Amino acid sequence: MSSPSPLPSLFVVGANHHTTPLELREKLALTAEKLATFQHLAAQIEGMKELAVLNTCNRVEFYGVAGSSHAIERLQAEFCRLSGMPEADFAEIRKLAGGKDAIIHLLSVACGLESQMLGENEIFGQVKDAYEAAQKRQSVGPVLNRVFQKAFQGAKHVRTNTAVNAGQVSVANVAVELALSIFGNLRATRVLLLGAGDIGEKTAKAFQSRGAGSLTVASRTLTRAMELATEFGAVALPFEQMAQRLHEFDVVVCSTAAPHAVVTQSAAETALRRRPSQPLFFIDLALPRDVEPAVAGLENAFVYNLDDLAKIAEKARVARAAEVNKAKQIVDERAHSIWQQIASQVGASPLTTPNGAPSLHQPTS
């Protein structure tokens with residue numbers, strides 16, 4: 001009599017800011033076009049039973065249920081091929097977990113414990129969006145449906161019963177606090193927002209609440225820039241005029257979804273020449289980055305990217321160490337409960353073998 005087939009495995013594999021520097025995260029970030037291509041390729045993988053993709057500024061992660069280690073290997077191979085990264089290099093930086101550990105990771109991500117800025121608010125919505133997108137594609141089933149829904153409940157519990165997200169932590173707020181620390185008062189500071197998406201909108205709101213007197217919004221979609229400008233009493237600037245008028249601003253906050261830099265070294269040099277002795281500050285919230293790295297080397301140009309903002313926000317993590325421990329305890333308890341509910345449906349984690357390839361194992365509990 002043949003032995004029963006192994007249970008499918010719940011897993012997460014991907015890369016995030018903990019092990020992946022900004023330069024590599026740029027390379028791994030999935031544009032809308034690449035994401036669609038990857039999802040199409042993933043749907044063709046034999047044994048890939050369920051899949052949800054979380055693609056944000058600081059992480060690209062794949063949560064799934066696979067019938068074999070080969071399916072997970074294929075998923076990684078397709079992602080590496082699409083990103084232009086050798087599989088061996090990806091294996092050095094990836095996050096790979098399964099079973100209960102995968103659930104712990106998802107819960108920790110959803111409640112902001114895994115964020116660069118501890119307790120950030122945006123990530124919960126981003127995880128929900130990733131799950132809803134997977135539902136629309138019909139790429140999730142009974143296992144991921146339960147895991148994600150329970151994860152949302154757990155994340156809300158953490159946010160309600162701990163102070164891990166005290167102070168309304170967000171990239172937008174940290175960016176504006178940085179501007180305040182530089183200028184002291186924003187009433188006379190001229191601010192240009194490049195990008196009118198969700199982060200751009202939240203940044204505009206944060207600047208307005210801190211008394212910024214001059215806001216200008218530029219977006220590749222002029223109508224969206226005009227909408228945001230109207231909402232916050234700002235001025236809309238046609239995107240194609242941005243480079244020529246860069247010298248008019250003191251702070252440029254970038255959050256576009258462009259696949260390449262939109263502020264070039266040449267444009268920054270020209271702007272600085274037209275505002276002698278006046279520094280120009282760039283706060284780059286985009287990934288891939290909106291500001292060419294060479295701009296940081298220009299005299300009187302100061303560039304802060306996502307990793308820089310995370311260092312500024314690190315003080316909040318230290319101050320809330322007790323709340324972090326409390327949140328982690330809740331996450332562990334919730335993850336154990338979820339795992340108990342689904343352990344009969346899936347096997348344990350895909351663990352790495354000596355050669356770095358995933359290997360599926362049966363649950364031990």
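Bear in mind that the values in this text are calculations on the coordinates, not laboratory data. Since this is a predicted model, take the numbers as computed values, not measurements. Neighbour counts run over all protein chains shown; Cβ positions are idealised from the backbone, glycine included.
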Problem set entry | Summed side-chain charge close to Phe11 - residues other than Phe11 whose Cβ falls under 12 Å, Lys, Arg +1, Asp, Glu -1 | 0
Exercise. Rounded to the nearest 5, what is the percent of antiparallel bridges among the DSSP beta bridges in segment 171-314?
Worked result: 0 percent
Seminar exercise, completed: Placing each pseudo-label 7 Å from Cα in the direction of the beta carbon, Leu298 and Thr37 end up separated by a distance in nanometres of 3.2 nm
Exercise. How high is the relative contact order of segment 171-314, in percent, counting Cα pairs under 8 Å that sit 6 or more residues apart?
Worked result: 21 percent
Exercise. Using the per-residue mean of other Cβ atoms lying within 10 Å as a proxy for protection, in what order, highest first, do the peptides 182-192, 106-116 fall?
Worked result: 106-116, 182-192
Problem set entry | Three-way shape label, segment 171-314, alpha-carbon gyration tensor, a/c 1.5 | rounded
Problem set entry | Computed E for Thr230/His70 - FRET, C-beta separation, R0 51 angstrom, nearest 0.05 | 0.40
For this session: Let me have the relative contact order for segment 1-106, percent, based on Cα pairs under 8 Å that are six or more residues apart.
Result: 41 percent
Seminar exercise, completed: Once both label points are put 7 Å beyond Cα along the C-beta direction, the Thr160-Ser337 separation in nm becomes 1.1 nm
Problem set entry | Structure-based [θ]222 nm, the chain - -39500 (n - 2.57) summed over DSSP H runs of at least 4, per residue, nearest 500 | -15000 deg cm²/dmol
Seminar exercise, completed: For the chain, longest principal axis from Cα atoms; helix 142-161 axis from its Cα atoms; angle between them, nearest 10 degrees, is 50 degrees
Seminar exercise, completed: Residue span Ala91 to Asp198: 0.36 nm per residue of separation minus Cα-Cα distance leaves a gain in nm of 35.3 nm
Exercise. Taking the Cα-to-Cβ direction at Arg274 and at Lys128 and moving 7 Å from each Cα, how far apart do the two end points lie in nm?
Worked result: 4.2 nm
